[in-house]
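The values are calculated or read from the model by the stated rules, or taken from the named source; none is laboratory data. Worth saying up front: this structure is predicted, and the values here are computed from it rather than measured. Note that each Cβ is placed from the backbone with ideal geometry, even for glycine, and that neighbours are counted across all protein chains shown.
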């Protein structure tokens with residue numbers, strides 16, 4: 001297991017019972033439904049789940065970037081002695097956003113202003129948060145571009161986004177996020193728009209920056225291959241809730257929630273030649289209404305009767321691993337995980353022997 005998770009770590013950010021709601025056409029959608037999470041100092045945490053599970057909304061609430069029709073309804077986000085869930089003004093958020101918690105977005109072309117040079121876009125962040133100006137800020141811009149692997153940064157900082165390749169634009173977006181040396185870097189699907197070779201380069205770059213600058217990182221992704229390469233711990237999200245959390249090894253090789261079983265069973269590399277690839281049946285629940293019981297129950301072929309009646313509590317599997325499923329209740333019948341999960345577990349046990 002990775003060091004941060006084994007040591008128990010010191011929580012840098014603590015989220016408790018967070019509820020985020022959006023007003024849409026006269027109705028209320030509850031995107032985050034009582035999610036709780038500890039982010040340990042120095043770790044790399046991956047938040048995984050299907051599209052629409054709430055991953056991006058959850059982390060955007062850490063930096064005050066919810067859409068105008070969204071709001072934190074209840075719960076807390078504790079960071080450096082403050083409750084970010086109570087922040088309401090842009091002045092409050094500017095003390096945190098960019099300066100202490102930064103975000104790398106998945107599409108660098110939409111994250112960058114096409115009418116401004118890349119250097120100017122980085123420089124204005126440095127001027128805003130570090131109090132530098134003029135030549136001093138320009139030199140700091142060139143230095144950070146060099147740090148993220150932009151060749152000839154003294155020349156290229158004057159160029160515009162369209163003059164950069166997709167991989168280089170993503171490096172510029174990372175440079176903007178790193179301009180103020182934040183304590184937390186949130187990476188929202190940072191490799192989705194890139195080809196496989198460039199993906200590996202960007203992941204290696206973020207890992208190297210974390211080693212050099214000592215920040216804590218959060219990856220938001222549905223690509224479990226990325227998770228296996230970068231994460232110390234994994235949080236599995238479904239229908240606006242965290243349903244399982246553990247070290248990468250625990251979640252990959254000893255998952256306990258039926259939704260985690262389904263996600264892992266869907267991995268293409270676990271498919272059997274000549275047989276259809278596993279897919280999760282059904283659709284996620286409607287978040288406009290109240291959800292009774294376990295939100296995943298209607299899609300879970302092994303759901304228990306109680307899954308449709310009561311929301312399961314957390315059950316502790318190990319000091320670093322828990323899952324919110326009635327299958328872990330001592331009174332529940334014993335159900336073996338799907339064959340794909342058993343095969344992964346056996347392979348891992350063999351490699352450890």
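Values for this structure:
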read-out	value
Some residue of segment 312-327 being part of a helix (DSSP H, G or I) and surrounded by fewer than 19 Cβ atoms within 10 Å (Cβ to Cβ)	no
Which listed residue, of 150, 101, 126, is touching a residue at least 60 places away in the same chain (Cβ under 8 Å) and within 20 Å of residue 181 (Cα to Cα)	101
Residue match in segment 284-296 (condition: farther than 30 Å from residue 24 by Cβ and free of Cβ contacts under 8 Å to residues at least 40 places away in the same chain)	no
Residue check, residue 75 at pLDDT 90 or above, assigned to a strand (DSSP E or B) and crowded, with 16+ Cβ neighbours inside 10 Å	yes
Subset of segment 20-30 (residues that are surrounded by fewer than 21 Cβ atoms within 10 Å (Cβ to Cβ) and assigned to a strand (DSSP E or B))	21, 22, 23, 24, 27, 28, 29, 30
Members of segment 231-258 that are part of a helix (DSSP H, G or I) and out of contact with any helix residue (DSSP H, G or I) (no Cβ under 8 Å at 6 or more places or on another chain)	250
Condition broken by residue 63, with the remaining ones in (1) modelled with pLDDT of 90 or more; (2) closer than 25 Å to residue 162 by Cβ; (3) in a loop (DSSP other than H, G, I, E, B) satisfied	(2)
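Per-residue answers, yes or no, for (1) in contact with a helix residue (DSSP H, G or I) (Cβ under 6 Å, 6 or more places away or on another chain); (2) at pLDDT below 90; (3) assigned to a loop (DSSP other than H, G, I, E, B); (4) under 19 Å from residue 240 (Cα atoms):
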site	(1), (2), (3), (4)
262	no, no, no, yes
272	no, yes, yes, no
282	yes, no, yes, yes
286	no, no, yes, yes
295	no, no, yes, yes
334	no, no, yes, no
